[in-house]
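Here the structure comes first, spelled out in structure tokens, and everything after it is commentary.
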Amino acid sequence: MAKAKGKKQAFQYNAEVKQLKETGPERLYLLYGPEEYLRERYLEALRDTCVPAEDTFSYHRLEGASLDLGELAEAVNALPFFTERSFVEVRDYNLNKCRDAEWERLKGICADVPEWCTLAFVQSAENTPDGRLTAVKGLKKLGKSLEFTEQDAAALAGWVANRFRALGKGISRGDAEYLLFLAGTRMNGLIPEIEKAAAFAAGDSVTRGDLDATVNRLPEADVWALTDLLGARRFDEAAGLLSDLLGSRDNHPILLNALISQQLRRMYACKAGQAAGRSRREIMELCGVRFDFIYEKLAGAAKPYSLGQLGALVDLCVEYDYRMKSTGMDPAVLLRELFARIAAGG
């Protein structure tokens, strides 16, 4: 029997920076992953370890979209100028399109980085390397590969509190998690929301009301509110929220249907887990829920429904997804029809 794959561990930023300071830089790096804030912070620490911040002679930045391998080889082999090391940063070189002949040339450069040089390939979240490909496997084998994953709930809540503290405001653990629920868990996206809420808050602490008044909510957060209202049989409020969502250009009806379907599947999984006697933590992992207060919301939303009703509503969303994509009917009209059927219990 095959072993289950372990849960991917979040990137340990502090441990990696500590190791960098203690052992010094490697010659070759591949930096990638969805958490761009931490990636840029680590890149800054790596660059500063190699060359002084004011140095413009021993630091080379090359754009991957127009990368010339001859130019890269020249930059890598250039002697540092009044510094002990040089640093070469390659931004968004498309490793996924690096075919055999090109990889052989690139491999020759990467396998022979001089001891005085550090070469870092830096990939944005939109340009994630495919670990199955030869070039990606080879680069990881030759150097140090760091994947910057989203942080776990405890680390993020602590980071949010520290950001507010730096702005002279406090926030409770529960409200820090509520901010993550509203705005997502990408640090770059959270920073402006934290700044807005801190500037708006009248007191020494940021409240949930301050967050509701200032934070740009993700569509997922509004869909949670929509299903909460449906479960509470507050249909007029739910219909008003649906109209608001459809009024935004960012919220295509097909996307909203997908989010509603995802939420109903979570409610079904939660209900099924409870019926099977699973623990709270097991259900949270099954449903992809990271915070206790969201589990409470999910369990509360699922409570008015039977397991059979939730299964039927999930099937209904699948039916309407097909109709939106294949019949030529107005998806917004179909979504309102779906909403009415969900409100009526299917």
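The values are calculated or read from the model by the stated rules, or taken from the named source; none is laboratory data. Since this is a predicted model, take the numbers as computed values, not measurements. Quick reminder, even Gly has a Cβ in these numbers, built from the backbone with ideal geometry, and neighbours come from all protein chains shown. These area figures cover heavy atoms from the full protein model, side chains too; ligands, DNA and RNA do not enter into them. Shrake-Rupley method; radii C 1.70, N 1.55, O 1.52, S 1.80 Å.
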Between helix 36-50 and the chain: long-axis angle, C-alpha atoms, 0 to 90°, nearest 10: 10
Could you sort TRP224, TRP116, TRP159 by accessible area so the largest value comes first, with the probe set to 1.4 Å? TRP116, TRP159, TRP224
Starting from the Cα gyration tensor of region 42-129, take the square roots of the eigenvalues, sort them a ≥ b ≥ c, and report rounded, prolate or oblate (rounded when a/c is under 1.5, otherwise prolate if a/b is larger than b/c, else oblate). oblate
Distance check, please: which entries in LYS18/LYS140; LYS97/LYS140; LYS107/LYS144; LYS18/LYS169; LYS18/LYS107 exceed 18 angstrom between their Cα atoms? LYS18/LYS140; LYS18/LYS169; LYS18/LYS107
At q = 0.06, 0.07, 0.11, 0.15 Å⁻¹, what is the base-10 log of I(q)/I(0) for the chain according to the Debye formula with one equal point scatterer per Cα and no solvent? Please give it to two decimals. -0.32, -0.43, -0.92, -1.22
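Roll a 1.4 Å probe over the protein chains and send me the accessible area per residue for the chain in Å².
Values: 17980 Å² over 346 residues.
Per residue, the chain has an accessible area of 52 Å².
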Which far-off residues, 5 or more places away or on another chain, put their amide H under 5 Å from the one on VAL88, with H placed in the peptide plane? HIS60, THR118, LEU119, ALA120
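Please report, as a whole percent, how much of the solvent-accessible surface of region 223-298 comes from carbon and sulfur atoms (probe radius 1.4 Å). It would help to have the intermediate numbers written out before the result.
Details: 1870 of 3850 Å².
Accessible surface attributable to carbon and sulfur in region 223-298 totals 49 percent.
What full-extension length gain, to one decimal in nm, is calculated for ALA213 and ASP48 as 0.36 nm per residue of separation minus the Cα-Cα distance? Numbers along the way, then the final one.
Numbers: separation 165, 0.36 × 165 = 59.40 nm, distance 3.95 nm.
Taking 0.36 nm per residue and subtracting the Cα distance, the gain is 55.4 nm.
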Take the alpha-carbon centre of region 162-177, take the same for region 44-106, and report the distance between them in whole Å. 39
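If I take R0 = 35 Å and measure r between the Cβ atoms of THR128 and GLU220 in this structure, what FRET efficiency does the formula 1/(1 + (r/R0)^6) give, to the nearest 0.05?
Working: r = 21 Å, r/R0 = 0.61.
For R0 = 35 Å, the calculated efficiency reads 0.95.
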Note to self: C-alpha centroids of region 202-276 and region 283-325 sit apart, in Å, by 12
For ALA155 and ALA275, compute 0.36 nm times the residue count separating them, minus their Cα-Cα distance, and round to one decimal in nm. 40.0 nm
The chain: relative contact order from alpha carbon pairs under 8 Å, six or more residues apart, as a whole percent, is 14
Provide Rg and Dmax in Å for region 154-283, with only Cα atoms included in the calculation. 16.7, 47
How large is ³J(HN,Hα) for each residue in region 150-164, as worked out from phi by the Karplus curve 6.51 cos²θ - 1.76 cosθ + 1.60 (θ = phi - 60°), to whole Hz, x for Gly and Pro? 5, 7, 6, 4, 5, 5, 5, 4, x, 5, 4, 4, 5, 5, 5
Plugging the Cβ-Cβ distance of THR327 and SER306 into 1/(1 + (r/R0)^6) at R0 = 30 Å yields, to the nearest 0.05, a FRET efficiency of 0.50
Amide hydrogen neighbours beyond the local backbone of GLY33, cut-off 5 Å, H modeled: PHE148
What full-extension length gain, to one decimal in nm, is calculated for LYS196 and ALA343 as 0.36 nm per residue of separation minus the Cα-Cα distance? 49.4 nm
Order by protection proxy (mean Cβ within 10 Å, highest first), peptides 326-334, 37-45, 75-83: 37-45, 75-83, 326-334
